[in-house]
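Chemist: Below is one structure. I have some questions about it.
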Amino acid sequence: MTTAPPTNLLGLNRQRLETFFQELGEARFRAEQVLKWVHQHRVRDFESMTNLSKALRERLSSCAEVRLPEIVSEQVSADGTRKWLLRVDAHNCVETVFIPEEGRGTLCVSSQVGCALNCAFCATAKQGFSRDLTVAEIIAQVWIAKDVLEGARGKHRTITNVVMMGMGEPLLNFDAVVEAMDLMQEDCAYGLARRRITVSTAGVVPAIDQLRERCPVSLAVSLHAPNDELRSRLVPLNRKYPIAKLLAACRRYVEREPKHQVTIEYALLRGVNDSSALARELARLLRGLPAKINLIPVNPIAGEEFETPHQSVIDAFREILTAAGFVTITRKTRGADIDAACGQLAGRVQRRGRLPKKSPNSAGLQRADQAGHRIAAP
Ligand code: SAH
């Protein structure tokens, strides 16, 4: 006789938890009680869930669990940014980053182990793709960050915003990401307003439309170039979903909600996409789109030659966009001393043999190994 593995209640949104209790012959309101225990009080053993009957507690202990990834390491940057390396299974780890700012705290959450998109300048890409994270593994990042932060001293210790900008392409793990975002918004769990959650995508066009229907959170698009020729070199996904299609999807996304804006992310790479001519081309391209622009001076990653432009070049680029009427901010690099900045996340992954060991990209793999060494270090 085989017994079914325990259900991990951590990954069930309200609807799934209600179904779970209905199937046990229990009232639906149990879902609300358990959501609060698990996500608000962060209680993991059913025995302590004192408003459930003794019989139900015993039953849950035998068929369910609240299981979280293990914290392998926590690093705190000089600027207060924190990064956790979390082990999701014997071979795979992911990273989560908390960025405190005046009046807010942003948690940067991973959606996949590794990434399949292979953007030219991103550290995660160098690892190849290992697997999608489950709903439980995604929401666990919020659970753990909150748990650690509430125990920590000092101000800046609450999560006011979540950005799906960690490892992976969130829209290629659509169902799990959306159900995890249900829990982020759920009043009995984390209670974040929809607009305080941002999905960042390299441009999976059909999924942008699905997101608008299912869960219209804030949208950020990693554009990085104003024309297809250049963008296809930086973001290979552009060959499948070129700029015109991507921007049309952005327009559809914001159309229904007058106050909604798309965030356009543009990593500035010295000598590659940082000229004034390209800034003007970008301004023309985005004309009429309700958008704000985030310039991200590229964070260098091992094994790639990309460099950050001089400050004067960054300022000139920004000035052109501002003059064209776009709110444009230059994102401050945070947590670079602990490799927690944009594009630097590289939890250890199980390799799928996509990259030969001694390829020019092997530096990325070494970085993954270094993360592995941190696992072993005391
Ligand atoms: N796959 C999603 C989310 C992860 S990346 C996406 O592409 O949007 C989050 C952001 O960091 C993206 O805009 C990405 O292009 C950017 N990024 C990646 N590598 C970077 C680097 N080395 N320096 C600066 N930004 C980088």
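Chemist: Mind jotting down the distance between the C-alpha centroids of region 295-341 and region 73-121, whole Å?
Modeler: 19
Chemist: Identify, among 202, 220, 236, the residue whose Cα sits farthest towards the positive end of the charge dipole of region 191-240, taking +1 on the Cβ of Lys and Arg and -1 on the Cβ of Asp and Glu, with the dipole about the Cα centre.
Modeler: Checked the options; the winner is 220.
Chemist: In deg cm²/dmol, rounded to 500, what helix-only [θ] at 222 nm does the chain give when every DSSP H run of at least 4 residues adds -39500 (n - 2.57) and the total is split over its residues?
Modeler: Working: 11 runs with 125 residues, N = 378.
When only DSSP H runs of four or more count, the value is -10000 deg cm²/dmol.
Chemist: What is the count of Lys pairs in the chain whose alpha carbons sit under 17 Å apart, if the two are 8 or more places apart or on different chains?
Modeler: Counting lysine pairs in the chain gives 8.
Chemist: Using the crude model of +1 on Lys and Arg Cβ and -1 on Asp and Glu Cβ, and no other charge, please compute the dipole size for the chain relative to its Cα centre, in debye to 20. The partial results should precede the final answer.
Modeler: Working: 52 positive and 42 negative charges, 79 e Å.
Roughly 380 debye, rounded to the nearest 20.
Chemist: Now, a different point. With both partners inside the chain, how many of the DSSP beta bridges are antiparallel, as a percent to the nearest 5?
Modeler: Around 45 percent of the beta bridges assigned by DSSP in the chain are antiparallel ones.
Chemist: Going by average Cβ density within 10 Å per residue, which order do the peptides 313-323, 251-261, 121-131, 331-341 take, highest to lowest?
Modeler: Highest mean packing first, the order is 121-131, 331-341, 313-323, 251-261.
Chemist: Suppose all protein chains stay in the model; what accessible area per residue would a 1.4 Å probe give for region 108-175, in Å²?
Modeler: On the way: 2130 Å² over 68 residues.
Using a 1.4 Å probe on heavy atoms only, each residue of region 108-175 averages 31 Å².
Chemist: Roughly how many nanometres apart are two label points built 7 Å out from the Cα toward the Cβ at residue 57 and residue 289?
Modeler: For the pair residue 57/residue 289, the computed spacing is 5.5 nm.
Chemist: Tell me, what HN-Hα J-couplings in whole Hz come from the Karplus equation 6.51 cos²θ - 1.76 cosθ + 1.60 at θ = phi - 60° for each residue of region 95-107, using x for Gly and Pro?
Modeler: Using θ = phi - 60°, the values come out as 10, 9, 10, 10, 10, x, 9, 4, x, 7, x, 10, 9 Hz.
Chemist: Quickly rank 18-29, 231-242, 199-210 as a protection proxy: mean count of other C-beta atoms within 10 Å, highest first. Present the calculation step by step, with values, prior to reporting the outcome.
Modeler: Numbers: 18-29: 13.8, 231-242: 18.2, 199-210: 20.8.
In descending order of packing, they fall as 199-210, 231-242, 18-29.
Chemist: Counting only protein heavy atoms and a 1.4 Å probe, tell me what percentage of the chain's accessible area is made up of carbon and sulfur.
Modeler: On the way: 8460 of 16940 Å².
Carbon-and-sulfur percentage of accessible area, whole number: 50.
Chemist: Specify the angular offset, from 0 to 90 degrees and rounded to the nearest 10, of the alpha carbon long axis of helix 311-323 from the longest principal axis of the alpha carbons in the chain.
Modeler: 90
Chemist: Gap in Å between the Cα centre of region 132-191 and the Cα centre of region 195-257?
Modeler: 22
Chemist: Counting pairs of alpha carbon atoms under 8 Å apart in space and at least six apart in sequence, what relative contact order in percent does the chain give?
Modeler: On the way: 718 pairs, mean separation 63.8, N = 378.
Across the chain, relative contact order equals 17 percent.
Chemist: Residues of region 258-318: accessible area per residue at 1.4 Å, in Å²?
Modeler: 47
The values are calculated or read from the model by the stated rules, or taken from the named source; none is laboratory data. Keep in mind it's a predicted model, so treat the numbers as computed, not measured. In this analysis, Cβ positions are derived from the backbone assuming ideal geometry, glycine residues included, and neighbour counts consider all displayed protein chains. Heavy atoms of the whole protein, side chains included, go into the accessibility calculation; ligands, DNA and RNA do not. Shrake-Rupley method; radii C 1.70, N 1.55, O 1.52, S 1.80 Å.
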